[in-house]
Amino acid sequence: LTKRIGLLFASLLLTSSLNVKKVYADFFEAIQTPKPGQIQFVSEYFYADKFIDKDGNKRDIDLDRITNALTLKLKNDSLFGSLTIPHLYISRGDIGETVYGIGDINFEAGPHFKFDKWYFLPTIGVKLPTGEHDDNKKLNLGTGQTDLTLMIRFTSVYDPFSLSLGIGYTHRFGEPEGRINLRLTPGLKLNDNWRIGLESNSLYGFDDQIK
């Protein structure tokens, strides 16, 4: 078990729509996904040089992690749902180990609604332990456990710009403590079918992919 505190990463996110002429998206969960749905590709790069282990000791680390995730999003007049399949590349230079492959699959669903200029999406999500996990390994593609996440997102669009805020809590079955997730995502519309965004994601809690 590893704890990460306040680590930030940036993400380059591109979205494209299915059978629609205009796209409004909030770039990670897309609460304004056009009906009937959207396919989204997200590429994330994460680097860490220190982490806190389960005993509370700060340790040096040389970690690079690249996540490429493909997400199918479906939407009707009142509900939103998504399925995300991630592919990960994780490398630690300090121990000379690298792993890559499919990680844990995520499902998420919830109602969506609008108030004034803001769009709201409260969701419940489940992450299944589909990624390879071995307690004896330093690096893993998955956590080996099931996560349940409650999240709420707020998005406002001022064409061609958008801004999304998100806060959530994750409970991992089998672990005594959870994780808080804070997100901030400014975005820019390139044309009617494409948007680009930069996401800052602060995580407070566990990470079983690093030991």
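The values are calculated or read from the model by the stated rules, or taken from the named source; none is laboratory data. Predicted model, so just to flag it, every value in this text is computed and none were measured. Every residue, glycine among them, receives a Cβ derived from its backbone with ideal geometry; neighbour counts consider all protein chains shown. Surface areas here come from the heavy atoms of the whole protein model, side chains and all, with no ligands, DNA or RNA. Shrake-Rupley method; radii C 1.70, N 1.55, O 1.52, S 1.80 Å.
Could you pull out the trypsin sites (Lys or Arg not before Pro) across the range 80-183 that fall in loop regions by DSSP (anything but H, G, I, E, B) with no more than 13 other Cβ atoms inside 10 Å?
On the way: sites: Arg92, Lys114, Lys117, Lys127, Lys137, Lys138, Arg153, Arg172, Arg179, Arg183; in loops: Lys117, Lys137, Lys138.
Counting only loop positions with at most 13 other Cβ atoms within 10 Å, the trypsin sites (Lys or Arg not before Pro) in the range 80-183 are Lys117, Lys137.
Ranking of Tyr100, Tyr47 by solvent-accessible surface, largest first: Tyr100, Tyr47 (1.4 Å probe, protein heavy atoms only, all chains present). Placing a label point 7 Å from the Cα of Ile105 along the Cα-to-Cβ direction, the residues of the range 59-96 with a backbone N closer than 16 Å are 69-74, 82-88.
Give the calculated FRET efficiency between Phe154 and Ile180 to the nearest 0.05, with a Förster radius of 22 Å applied to their Cβ-Cβ distance. Provide the component values of the computation, followed by the final result.
Numbers: r = 16 Å, r/R0 = 0.75.
Here the calculated transfer efficiency is 0.85.
Counting only heavy atoms of the protein chains and using a 1.4 Å probe, Phe113 has close to 110 Å² of accessible surface.
Inter-label distance, Leu163 to Thr130: 3.6 nm, where each label sits 7 Å from its Cα along the C-beta direction. Placing dummy labels 7 Å off each Cα toward the beta-carbon, the span from Leu72 to Glu97 is 3.4 nm.
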